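Below is one structure, written out as C-alpha coordinates, with a few remarks after it.
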Amino acid sequence: MTIPRRRFSSVRGSRGALAGEHLRGLVVRVLKQIGVVVGAAVVGSLAVGAAEGSWILALVVGAAAAAFALFAYSWVVRKTEDRVPVEVALAGSGSATARGLLIGVLMFGAVIAAIALGGGYEFKDTGSVTVALGLLGLLTVGAVAEELVFRGLLFRLVEERGGTWVALAVSSVAFGAVHLANPDATLWGVVAIAIEAGAMLGAAYAATRTLWLPIGLHLGWNFAAAGIFGTEVSGSDMTQGLLHGVTSGPVILSGGDFGPEGSIYAVLAGSVLTVVFLLLAHRRGRIMPSRRRAAKVTATASV
(Lines give C-alpha, C1' and ligand atoms only; values in the text may rest on other atoms or scores of the structure.)
Protein backbone atom coordinates (compact mmCIF):
# COMPACT_ATOMS: atom_id res chain seq x y z
CA MET A 1 0.00 0.00 0.00
CA THR A 2 1.38 3.42 -0.97
CA ILE A 3 1.27 6.15 1.70
CA PRO A 4 0.05 9.48 0.31
CA ARG A 5 2.81 12.11 0.16
CA ARG A 6 1.00 14.57 2.44
CA ARG A 7 0.39 11.92 5.06
CA PHE A 8 4.00 10.79 4.87
CA SER A 9 5.21 14.38 5.34
CA SER A 10 2.89 14.76 8.30
CA VAL A 11 4.25 11.60 9.93
CA ARG A 12 7.83 12.69 9.33
CA GLY A 13 7.11 16.15 10.75
CA SER A 14 5.52 14.60 13.82
CA ARG A 15 8.56 12.42 14.38
CA GLY A 16 10.84 15.43 14.00
CA ALA A 17 8.81 17.38 16.55
CA LEU A 18 8.97 14.49 19.01
CA ALA A 19 12.73 14.17 18.50
CA GLY A 20 13.16 17.90 19.07
CA GLU A 21 11.05 17.77 22.21
CA HIS A 22 13.04 14.81 23.51
CA LEU A 23 16.32 16.64 22.84
CA ARG A 24 15.12 19.76 24.66
CA GLY A 25 14.02 17.64 27.59
CA LEU A 26 17.43 15.93 27.67
CA VAL A 27 19.26 19.26 27.63
CA VAL A 28 17.12 20.63 30.46
CA ARG A 29 17.70 17.46 32.49
CA VAL A 30 21.46 17.58 32.00
CA LEU A 31 21.65 21.27 32.88
CA LYS A 32 19.66 20.67 36.07
CA GLN A 33 21.90 17.79 37.08
CA ILE A 34 25.13 19.65 36.37
CA GLY A 35 23.85 22.78 38.11
CA VAL A 36 22.87 20.93 41.28
CA VAL A 37 26.03 18.79 41.51
CA VAL A 38 28.49 21.54 40.61
CA GLY A 39 26.69 23.94 42.95
CA ALA A 40 26.96 21.48 45.83
CA ALA A 41 30.64 20.90 45.04
CA VAL A 42 31.42 24.63 44.97
CA VAL A 43 29.65 25.18 48.30
CA GLY A 44 31.59 22.27 49.78
CA SER A 45 34.94 23.50 48.48
CA LEU A 46 34.30 26.98 49.86
CA ALA A 47 33.38 25.48 53.22
CA VAL A 48 36.61 23.46 53.33
CA GLY A 49 38.60 26.53 52.32
CA ALA A 50 37.03 28.48 55.17
CA ALA A 51 38.10 25.72 57.57
CA GLU A 52 41.75 26.02 56.54
CA GLY A 53 43.99 26.44 59.56
CA SER A 54 42.27 23.79 61.64
CA TRP A 55 43.13 20.29 60.45
CA ILE A 56 40.31 18.59 62.34
CA LEU A 57 37.75 21.10 61.08
CA ALA A 58 39.04 20.75 57.52
CA LEU A 59 38.78 16.96 57.76
CA VAL A 60 35.25 16.99 59.19
CA VAL A 61 33.99 19.70 56.84
CA GLY A 62 35.57 17.91 53.87
CA ALA A 63 33.79 14.66 54.72
CA ALA A 64 30.50 16.53 55.26
CA ALA A 65 30.90 18.41 51.97
CA ALA A 66 31.54 15.15 50.11
CA ALA A 67 28.42 13.62 51.69
CA PHE A 68 26.43 16.71 50.70
CA ALA A 69 27.59 16.44 47.07
CA LEU A 70 26.60 12.75 47.00
CA PHE A 71 23.20 13.59 48.45
CA ALA A 72 22.70 16.36 45.87
CA TYR A 73 23.59 13.95 43.05
CA SER A 74 21.24 11.27 44.36
CA TRP A 75 18.42 13.79 44.82
CA VAL A 76 18.67 15.35 41.36
CA VAL A 77 18.96 11.97 39.60
CA ARG A 78 15.82 10.74 41.38
CA LYS A 79 13.97 13.93 40.42
CA THR A 80 15.04 14.17 36.78
CA GLU A 81 15.37 10.51 35.79
CA ASP A 82 12.72 8.95 38.06
CA ARG A 83 15.02 6.12 39.14
CA VAL A 84 17.10 4.99 42.10
CA PRO A 85 20.75 6.05 41.51
CA VAL A 86 22.29 2.63 42.02
CA GLU A 87 25.72 3.96 41.06
CA VAL A 88 25.92 5.63 44.49
CA ALA A 89 23.98 3.01 46.47
CA LEU A 90 25.33 2.57 49.99
CA ALA A 91 25.37 -1.24 49.81
CA GLY A 92 28.97 -2.29 49.26
CA SER A 93 30.20 1.32 49.16
CA GLY A 94 32.72 0.88 51.97
CA SER A 95 34.52 -2.12 50.48
CA ALA A 96 34.51 -0.68 46.96
CA THR A 97 35.93 2.66 48.15
CA ALA A 98 38.57 0.86 50.25
CA ARG A 99 39.67 -1.20 47.23
CA GLY A 100 39.93 1.96 45.19
CA LEU A 101 41.95 3.71 47.89
CA LEU A 102 44.37 0.80 48.08
CA ILE A 103 44.81 0.59 44.32
CA GLY A 104 45.29 4.36 44.04
CA VAL A 105 47.94 4.51 46.77
CA LEU A 106 49.80 1.46 45.43
CA MET A 107 49.67 2.79 41.88
CA PHE A 108 51.14 6.16 42.87
CA GLY A 109 53.70 4.41 45.09
CA ALA A 110 54.85 2.35 42.10
CA VAL A 111 55.17 5.51 39.98
CA ILE A 112 57.21 7.30 42.67
CA ALA A 113 59.42 4.22 43.08
CA ALA A 114 60.13 4.20 39.33
CA ILE A 115 60.97 7.94 39.37
CA ALA A 116 63.14 7.53 42.48
CA LEU A 117 65.11 4.65 40.92
CA GLY A 118 66.16 7.05 38.19
CA GLY A 119 67.18 9.68 40.75
CA GLY A 120 64.17 11.89 40.01
CA TYR A 121 62.56 11.92 43.46
CA GLU A 122 63.84 12.58 46.97
CA PHE A 123 62.26 13.85 50.15
CA LYS A 124 63.89 16.81 51.84
CA ASP A 125 62.13 16.68 55.18
CA THR A 126 59.31 15.07 57.11
CA GLY A 127 56.00 16.86 57.23
CA SER A 128 53.02 16.81 59.55
CA VAL A 129 50.36 14.20 60.22
CA THR A 130 47.81 16.88 61.06
CA VAL A 131 48.52 18.77 57.82
CA ALA A 132 48.07 15.51 55.90
CA LEU A 133 44.73 14.86 57.63
CA GLY A 134 43.52 18.38 56.87
CA LEU A 135 44.59 17.90 53.28
CA LEU A 136 42.59 14.66 53.21
CA GLY A 137 39.40 16.66 53.82
CA LEU A 138 40.05 18.92 50.83
CA LEU A 139 41.04 16.02 48.58
CA THR A 140 37.96 14.02 49.57
CA VAL A 141 35.45 16.63 48.44
CA GLY A 142 37.49 17.20 45.26
CA ALA A 143 37.60 13.52 44.32
CA VAL A 144 33.89 12.99 45.04
CA ALA A 145 32.82 16.09 43.12
CA GLU A 146 34.93 15.28 40.05
CA GLU A 147 33.73 11.67 39.92
CA LEU A 148 30.10 12.74 40.21
CA VAL A 149 30.50 15.21 37.35
CA PHE A 150 32.79 13.32 34.97
CA ARG A 151 31.77 9.69 35.54
CA GLY A 152 28.37 9.99 37.23
CA LEU A 153 27.01 12.57 34.78
CA LEU A 154 29.19 13.07 31.68
CA PHE A 155 30.29 9.47 31.11
CA ARG A 156 26.91 7.98 31.95
CA LEU A 157 24.84 10.43 29.90
CA VAL A 158 27.08 10.20 26.83
CA GLU A 159 27.08 6.42 27.13
CA GLU A 160 23.27 6.36 26.98
CA ARG A 161 23.39 7.57 23.37
CA GLY A 162 26.92 6.97 22.11
CA GLY A 163 27.93 3.78 23.91
CA THR A 164 30.85 3.01 26.23
CA TRP A 165 33.70 3.78 23.81
CA VAL A 166 32.42 7.24 22.91
CA ALA A 167 31.69 8.00 26.57
CA LEU A 168 35.20 6.92 27.54
CA ALA A 169 36.77 9.17 24.90
CA VAL A 170 34.59 12.22 25.62
CA SER A 171 34.88 12.05 29.42
CA SER A 172 38.66 11.43 29.28
CA VAL A 173 39.30 14.44 27.04
CA ALA A 174 37.03 16.64 29.16
CA PHE A 175 38.70 15.47 32.38
CA GLY A 176 42.13 16.27 31.00
CA ALA A 177 41.05 19.64 29.59
CA VAL A 178 39.64 20.90 32.90
CA HIS A 179 43.12 20.58 34.43
CA LEU A 180 44.42 23.28 32.06
CA ALA A 181 43.16 25.79 34.62
CA ASN A 182 45.70 24.59 37.22
CA PRO A 183 48.62 27.00 37.92
CA ASP A 184 51.48 24.84 36.56
CA ALA A 185 49.48 22.97 33.93
CA THR A 186 51.16 21.95 30.68
CA LEU A 187 49.74 20.53 27.48
CA TRP A 188 51.60 17.26 28.01
CA GLY A 189 50.37 17.07 31.61
CA VAL A 190 46.78 17.51 30.47
CA VAL A 191 47.18 14.78 27.84
CA ALA A 192 48.75 12.51 30.47
CA ILE A 193 45.84 13.14 32.88
CA ALA A 194 43.33 12.32 30.14
CA ILE A 195 45.05 9.00 29.42
CA GLU A 196 46.16 7.79 32.85
CA ALA A 197 43.26 9.12 34.96
CA GLY A 198 40.33 10.03 32.72
CA ALA A 199 40.40 6.72 30.85
CA MET A 200 41.28 4.63 33.90
CA LEU A 201 38.51 6.07 36.07
CA GLY A 202 35.97 5.77 33.25
CA ALA A 203 37.00 2.14 32.70
CA ALA A 204 36.71 1.48 36.46
CA TYR A 205 33.14 2.80 36.38
CA ALA A 206 32.31 0.73 33.29
CA ALA A 207 33.63 -2.43 34.97
CA THR A 208 31.79 -1.96 38.26
CA ARG A 209 28.84 0.33 37.39
CA THR A 210 29.41 2.05 40.71
CA LEU A 211 31.10 5.37 41.47
CA TRP A 212 32.64 4.13 44.71
CA LEU A 213 35.65 2.40 43.16
CA PRO A 214 36.54 5.44 40.97
CA ILE A 215 36.10 7.75 43.98
CA GLY A 216 38.47 5.58 46.04
CA LEU A 217 40.99 5.39 43.20
CA HIS A 218 40.89 9.12 42.64
CA LEU A 219 41.26 9.95 46.34
CA GLY A 220 43.94 7.31 46.95
CA TRP A 221 46.07 8.61 44.06
CA ASN A 222 45.73 12.29 45.06
CA PHE A 223 46.34 11.65 48.76
CA ALA A 224 49.41 9.54 48.01
CA ALA A 225 50.75 12.33 45.79
CA ALA A 226 50.28 15.27 48.17
CA GLY A 227 49.46 13.77 51.57
CA ILE A 228 52.09 11.01 51.66
CA PHE A 229 54.92 11.73 49.22
CA GLY A 230 54.58 15.52 49.20
CA THR A 231 54.57 16.07 45.44
CA GLU A 232 52.51 18.27 43.14
CA VAL A 233 48.98 17.17 42.20
CA SER A 234 48.25 18.14 38.59
CA GLY A 235 50.27 21.34 38.94
CA SER A 236 47.95 22.71 41.63
CA ASP A 237 50.56 23.83 44.22
CA MET A 238 48.99 21.92 47.11
CA THR A 239 50.28 21.85 50.68
CA GLN A 240 52.64 18.94 51.35
CA GLY A 241 51.72 16.29 53.91
CA LEU A 242 53.75 13.56 55.59
CA LEU A 243 56.86 14.17 53.46
CA HIS A 244 58.27 17.18 51.67
CA GLY A 245 59.26 15.66 48.37
CA VAL A 246 61.11 17.11 45.39
CA THR A 247 61.17 15.82 41.81
CA SER A 248 63.86 16.61 39.28
CA GLY A 249 65.27 15.45 35.97
CA PRO A 250 63.70 15.14 32.51
CA VAL A 251 60.05 16.20 32.50
CA ILE A 252 59.00 13.07 30.62
CA LEU A 253 60.26 10.97 33.56
CA SER A 254 59.59 13.20 36.60
CA GLY A 255 56.56 15.16 35.38
CA GLY A 256 58.25 18.51 36.04
CA ASP A 257 56.23 21.28 37.70
CA PHE A 258 53.02 19.44 36.87
CA GLY A 259 54.00 16.64 39.24
CA PRO A 260 54.43 12.88 38.79
CA GLU A 261 51.11 12.73 36.92
CA GLY A 262 53.06 14.18 34.00
CA SER A 263 55.52 11.28 34.11
CA ILE A 264 55.51 8.60 31.45
CA TYR A 265 55.52 6.09 34.32
CA ALA A 266 52.12 7.38 35.45
CA VAL A 267 50.79 7.17 31.90
CA LEU A 268 51.97 3.56 31.60
CA ALA A 269 50.53 2.59 35.00
CA GLY A 270 47.18 4.19 34.23
CA SER A 271 47.07 2.59 30.79
CA VAL A 272 47.66 -0.87 32.24
CA LEU A 273 44.83 -0.44 34.75
CA THR A 274 42.57 0.95 32.02
CA VAL A 275 43.07 -2.21 29.96
CA VAL A 276 42.45 -4.40 33.03
CA PHE A 277 39.20 -2.62 33.87
CA LEU A 278 38.01 -2.70 30.26
CA LEU A 279 38.69 -6.44 30.05
CA LEU A 280 36.64 -6.88 33.23
CA ALA A 281 33.85 -4.75 31.77
CA HIS A 282 33.87 -6.85 28.59
CA ARG A 283 33.84 -10.12 30.55
CA ARG A 284 30.91 -8.90 32.64
CA GLY A 285 28.98 -7.75 29.56
CA ARG A 286 29.09 -4.09 30.57
CA ILE A 287 30.43 -2.56 27.36
CA MET A 288 27.39 -0.76 25.96
CA PRO A 289 26.93 -0.17 22.21
CA SER A 290 25.65 3.14 20.86
CA ARG A 291 21.87 3.52 20.73
CA ARG A 292 21.93 3.45 16.92
CA ARG A 293 24.01 0.29 16.79
CA ALA A 294 21.80 -1.40 19.39
CA ALA A 295 18.72 -0.51 17.32
CA LYS A 296 20.31 -2.03 14.20
CA VAL A 297 21.18 -5.23 16.05
CA THR A 298 17.61 -5.46 17.38
CA ALA A 299 16.14 -4.85 13.96
CA THR A 300 18.40 -7.48 12.38
CA ALA A 301 17.54 -10.01 15.07
CA SER A 302 13.80 -9.48 14.56
CA VAL A 303 13.90 -10.00 10.78
*With a 1.4 Å probe and every protein chain left in place, tell me how much accessible area VAL191 has, in Å² to the nearest 10.*
60 Å²
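Length gain on complete extension for the stretch ARG78 to LEU102, per 0.36 nm per residue less the alpha carbon to alpha carbon distance? Write down the numbers at each step before the final one.
On the way: separation 24, 0.36 × 24 = 8.64 nm, distance 3.10 nm.
The span from ARG78 to LEU102 would gain 5.5 nm if fully extended.
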*Contour minus Cα-Cα distance for SER271 and LEU46 (0.36 nm per residue)*: 77.7 nm
*Mean 1/r over all different Cα pairs, inverted: what Kirkwood radius does the range 174-229 give, in Å?*
12.0 Å
*How far is helix 291-302 tilted, in degrees, relative to the longest principal axis of the Cα atoms in the chain, given as a value from 0 to 90 rounded to the nearest 10?*
50 degrees
*Where labels lie 7 Å past Cα in the beta-carbon direction, separation of SER248 and GLU122 in nm*: 0.6 nm
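Can you give the charge dipole size of the chain about its Cα centre, rounded to the nearest 20 debye, using +1 on the beta carbon of Lys and Arg and -1 on the beta carbon of Asp and Glu?
On the way: 24 positive and 17 negative charges, 519 e Å.
Here the chain has a charge dipole of around 2500 debye.
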_Solvent-accessible heavy-atom area per residue, rounded to whole Å², over the chain at 1.4 Å_ = 50 Å²
_Sequence-distant residues sharing a close amide H with SER234 (under 5 Å, placed H)_ = GLU261
_Projected area averaged over orientations for the range 26-113, convex hull of C-alpha atoms, nm²_ = 7.8 nm²
*Angle in degrees between helix 264-283 and the longest Cα principal axis of the chain, rounded to the nearest 10*: 40 degrees
*How much solvent-accessible surface does ILE115 expose, in Å² to the nearest 10, with a 1.4 Å probe and all protein chains in place?*
10 Å²
*Sort VAL276, VAL129 by accessible area with a 1.4 Å probe, largest first.*
VAL129, VAL276
_0 to 90° range, to nearest 10: angle between helix 55-81 axis and the chain longest Cα axis_ = 10 degrees
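More than 24 Å apart: what percent of Cα pairs in the range 110-207 qualify? Each step should come with its number before you reach the end.
Numbers: 1814 of 4753 pairs.
Taking all Cα-Cα pairs of the range 110-207, the fraction more than 24 Å apart is 38 percent.
Once fully extended, how much extra length lies between TRP165 and LEU280, figured as 0.36 nm per residue of separation less the alpha-carbon to alpha-carbon distance? Please report the intermediate quantities before stating the final value.
On the way: separation 115, 0.36 × 115 = 41.40 nm, distance 1.45 nm.
Here the segment from TRP165 to LEU280 would lengthen by 39.9 nm.
Please sort by residue number the trypsin sites (Lys or Arg not before Pro) in the range 55-96 whose DSSP state is loop and whose Cβ has at most 11 other Cβ atoms within 10 Å. Write out the running numbers ahead of the final one.
Values: sites: ARG78, LYS79, ARG83; in loops: ARG83.
Answer in residue order: ARG83.
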*Roll a 1.4 Å probe over the protein heavy atoms and report the accessible area of ASP257 in Å², nearest 10.*
110 Å²
*Simple spin-label model, 7 Å along Cα-to-Cβ: ALA91 to THR130 in nm?*
4.3 nm
*Once you have the alpha carbon radius of gyration of the chain, what is it after dividing by 2.2 N^0.38 Å, with N set to its residue count?*
1.13
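The values are calculated or read from the model by the stated rules, or taken from the named source; none is laboratory data. Computed from a predicted model, the values in this text were never measured in an experiment. Methodologically, a virtual Cβ is constructed for each residue, glycine included, from the backbone with ideal geometry; neighbour enumeration extends over all protein chains shown. Accessible surface areas use protein heavy atoms only, side chains included; no ligands, DNA or RNA. Shrake-Rupley method; radii C 1.70, N 1.55, O 1.52, S 1.80 Å.
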